[in-house]
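Comments concern the structure below.
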Amino acid sequence: MTDESVPAPSPSGHPYVAGQIILYGVDLNDTNQVATLDVGLPGQTALQIQLGGPTKIIGSTVLAYGYAFDGHCYRFDSIRIFIVTGPNPEPPVGCGFDQVPGYQMWRIGSAEQILEISTNLGDAKTLILDSQLPGKRSPSSYAITLRMAHRNGRLSND
């Protein structure tokens with residue numbers, strides 16, 4: 001067994017913490033708690049993300065590469081961006097992320113609320129019209145009709 005397949009140990013000293021997910025990635029926040037993303041728009045345009053509101057919220061904008069759950073390490077099929085407001089980042093341990101500088105890890109509960117940010121760049125036809133073609137929409141957006149079979153000798157759509 002190599003270090004790459006061993007997730008981080010529990011901070012409590014117990015070998016298992018039920019429902020704990022360890023998220024591995026890079027914190028995109030700068031010293032002012034602002035994350036700047038180059039999303040592919042022309043020029044020097046960038047998307048900036050900062051948590052704000054009437055109460056001060058501390059969180060990390062995480063560029064996530066993988067996670068550990070129930071003693072196993074997993075890699076995302078592509079990088080994902082999450083805003084994690086619970087725990088502070090820790091130095092990475094396990095799953096191979098401790099061998100490269102720059103990575104961090106976040107221990108979160110499986111019921112903890114996090115926000116995923118998805119960015120897609122394309123023309124309006126692709127992002128709006130083509131995404132609504134049959135087969136690309138969510139199943140709940142399709143019309144649902146009920147056909148009644150044999151009702152006093154006749155078939156009806158009512």
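The values are calculated or read from the model by the stated rules, or taken from the named source; none is laboratory data. As the structure is a prediction and not an experimental result, all values here were calculated from the model. FYI the Cβ positions are ideal-geometry reconstructions off the backbone, even for glycines, and counts take in every protein chain you see. All accessible areas refer to the heavy atoms of the entire protein, side chains included, with ligands and DNA or RNA removed. Shrake-Rupley method; radii C 1.70, N 1.55, O 1.52, S 1.80 Å.
Remarks
- Answer residue from the stretch 20-41, given it is at pLDDT 85 or above and of a type in the set (Gly, Ala, Ser) and is farthest from Phe97 (Cα to Cα) among those: Ala35
- A Cβ distance below 6 Å, combined with a sequence gap of six or more or placement on separate chains, defines the contacts here; from the stretch 95-124, residues that are without any contact (Cβ under 8 Å) to a residue 40 or more places away in the chain reach residues that are among the aromatic types (Phe, Trp, Tyr) in the pairs Ile114/Phe82; Glu116/Phe82.
- Answer residue from the stretch 39-79, given it is in contact (Cβ under 8 Å) with a residue 60 or more places away in the chain and β-branched (Val, Ile, Thr) and is least open to solvent (accessible area, probe 1.4 Å) among those: Ile49
- From Asn157, Asn152, Asn88, residue being among the polar types (S, T, N, Q) and at pLDDT 80 or above: Asn88
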